[in-house]
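Remarks on the structure that follows.
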């Protein structure tokens, strides 16, 4: 177990290193002057030269990448003469346009995105799993057909369309909710939730559709398995047979799937945040791309990659914990 | 004495298809009834319907278990009946237990559902019954997961689950089909002991007449959903009245059937010397090489049939694959017609491939489902650049007893026996000199099995074939082989002429295997008398 964990962590570290190298190469070695890109629009000659010096763009490429890695571990200073911008570890870069370390910018936005993702997942998982189970148990009946239709619809509808409809109905037409504006949880939990409920629903509906389909497929498979038949033949209540002996087999694929879904959800979150005007990492990404703030884009990409890798490692461990047949080796 | 189970005119219908067509029987306490039949005869449906486990089926007639009218029983009563009065043991011990829960907990859960016992008492009960069915160190093994049990132990665990509830009737649906013959003998003994000790009635369903013969009082022969014959086991097996029973019995390969004399052996076609094959298993740092074939030496003579028998894990299938170089040996020599196949590069091996063919166990899985069977048979001919592969394929189909007009059909449109004929036709397409058959009749019904074996015997003469016939079934091997090698743990423990091996086996393991084979004589219960002290 410990051995497995160490190996997985080592493998994750290698993946992340490779990711950082590829991202670094893509953004910094692509055609165009990185200094111009980092400095942003309306940058004059003097500031451009300053940026170039701070970024160390005259150093050899491998040295630049090494400084980047060093910054991640130990932090770094971007200096040009007396002008020093300090970037504490883990330093993902420095945004010269906004004059802030990228890490600080990401951390500022993180609570918003985390609130969105956690709330959506808290809605989507129970919703998706119960819808999937229900349609598996009511196989061939009207309930299943309706469920299949609804999940297909959720599967196929883009998040911005759902978001728009929700905004129009609940904020503009019914006026039950204010147009969303982020309020930190620490400030007022009630208003935090009130403002986030529509983005949660929009994001959750799409995730729930995926979970529902996977749960349904898994449940249909386990419900006809021999060991389920065994417990029926030994007089257990149907509810008990399903809860104790069918559900687990049906839900294990979901662990792996949820981890794979993380990437999809992050993409959907970019749209959701933009749509509802939530100042999260997704919105930051869009803004940075629009204003060509290169260091921020690199930072976001590395962060997103890390989240995906960590999620998959955790999923593998959970899978092994849930299934005694999986040997961690 | 009134029967514990009374079945009258039982009919089970799935949509328009009637799987059981009016079966009636009685089962008294302490007695055993065997239900035999081939696949599709309705015997499993019959067993399942006794507990109303046939989903989506319309069941009519009468099933009375003691006072309970099973077909009319409300849900709560049905639950008490299931397990409590009638318990069931299923065919596949690998999948019949919940893989996610400990074996003891599963037994305890069922026990609690029926008795309302405390968690603690139920656990103790689980250990007690596991011990009763012969699981060594039951207190510790109760905490194991099903995958940590062997096939035989899992089946014992399921019997223990039944035993905990002290049912009046035990239904065993092909309880030993997935198990090795020595393990099968031990389990059948266990069922017999439990029946004697608890007075429960046994309904034993099997495709294997031999399994039923020594373990039941009465036998019911099923075909196409009907009971074609029903009577005391001795009468039915010795003097069957129904024509179908006679056919079925005639098709069962017997250990005592007369054999044709072996042909005079030619010089060796294949010489195997100290052949080894290892597989590397285990986690890193603790990787170890496990020998599947552990140094075997033998010859296969031109024109003979060499049988290779062994239980699961003995290395016989690995050996079969080594002989035709589907696997590369770790060490040793496989000299075919003067050339060593081991270590020969694939390019130089290719012209030899047409001389070495393999017939696989599962004809369903070894044919490409997306290709017509004519295409599958013609494929090797095409690869080797033969003219008119399509015409040759149709001629081969005709030779193995299939309608050549069906060359454009797909594998799923054929029965199991027909699919194996297709597999044989494909193997023969290039007129090989050595044909290795790996369990070629294992997945077939006895009557189909007999036909396929007959076909192989005919083809052997016609195509001047040398055969290596790998099987777990001693009676089948005895029927087709001139010489037999017995494998265990990757080694050949005994190799002798078929008659010598079966009449005076030298190795203790060979004797143990032979003693475990069920015979058709109901007076001889199997297993007893065999040297079988080792637990499963």
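Laboratory data are not the source of any read-out in this text; all were calculated from the coordinates shown. Model, not experiment: these values are computed from the prediction. No Cβ is skipped: glycine too gets one built from the backbone with ideal geometry, and neighbour counts run over all protein chains shown.
One quarter of the convex hull surface built on the alpha carbon atoms of region A:223-329 amounts to 9.9 nm², the projected area averaged over directions. Per-residue ellipticity at 222 nm, computed for chain A from helices alone with -39500 (n - 2.57) per DSSP H run of at least four residues, works out to -24000 deg cm²/dmol. Tell me, how many Å apart are the Cα centres for region A:60-93 and for region B:290-311? Comparing the Cα centres of region A:60-93 and region B:290-311, I get a distance of 68 Å. Note on B:98-104: average number of Cβ atoms from other chains within 10 Å of each residue's Cβ is 5.
For chain A, modelled as a GNM whose springs connect Cα atoms under 10 angstrom apart, the maximal fluctuation among A:148, A:98, A:230 occurs at A:230. Determine, from the Cβ-Cβ distance of residue B:71 and residue A:172 and an R0 of 45 Å, the FRET efficiency 1/(1 + (r/R0)^6), rounded to the nearest 0.05. So the FRET efficiency works out to roughly 0.15. Counts of other chain beta carbons within 10 angstrom of each beta carbon in peptide B:105-111 average 3.
Set against the 2.2 N^0.38 Å expectation for a compact globular protein, region B:361-431 has a Cα radius of gyration ratio of 0.96.
Using a Gaussian network model of chain A in which every pair of alpha carbons under 10 angstrom is joined by a spring, one finds that among A:32, A:56, A:163 the greatest mean-square fluctuation is at A:32.
Note on A:233-246: average number of Cβ atoms from other chains within 10 Å of each residue's Cβ is 6. When the helices of chain B are scored as -39500 (n - 2.57) per DSSP H run of n ≥ 4 and the total is divided over every residue, the value at 222 nm lands at -10000 deg cm²/dmol. Between 0 and 90 degrees, the angle of helix B:416-428 with respect to the longest Cα principal axis of chain B falls at about 10 degrees. All C-alpha pair distances within region A:273-320, sorted into 10 Å bins from zero, spread as 25, 37, 25, 12, 1 percent across the bins. Residues B:491, B:316, B:75, B:125, arranged from fewest to most other Cβ atoms within 10 angstrom of their Cβ, appear as B:75, B:491, B:125, B:316.
One way to sum up the overall shape of chain A is the equivalent ellipsoid from its Cα gyration tensor, whose semi-axes run 44, 27, 15 Å, largest first. Taking a ≥ b ≥ c as the square roots of the eigenvalues of the Cα gyration tensor, region B:312-449 is oblate, since a/c reaches 1.5 or more and a/b is not larger than b/c. For region B:171-256, the share of DSSP beta bridges that are antiparallel, to the nearest 5, is 65%. Calculated on the Cα set of region A:102-290, radius of gyration then Dmax: 19.3, 64 Å.
Counting only DSSP beta bridges whose two residues both lie in chain B, roughly 55 percent are antiparallel. Our Cα-only numbers for region B:293-352 put the radius of gyration and Dmax at 12.2, 35 Å. Among A:210, A:73, A:309, the residue with the largest mean-square fluctuation in a Gaussian network model of chain A, with springs joining Cα atoms closer than 10 Å, is A:73.
Computed from the Cα positions only, the extents of chain B along the three principal axes stand at 72, 57, 44 Å, in decreasing order. Counting only DSSP beta bridges whose two residues both lie in the protein assembly as shown, roughly 60 percent are antiparallel. Over the protein assembly as shown, the hull volume per residue, using the convex hull of the C-alpha atoms, is 237 Å³. What shape does region B:7-128 take by its C-alpha gyration tensor, where a ≥ b ≥ c are the square roots of the eigenvalues and a/c under 1.5 counts as rounded, a/b above b/c as prolate, and the rest as oblate? Taking the square roots of the gyration eigenvalues as a ≥ b ≥ c, region B:7-128 is prolate. Of the two radii for region A:2-101, the radius of gyration is 1.05 times the Kirkwood radius, both from the alpha carbons; that is the Rg over Rh value.
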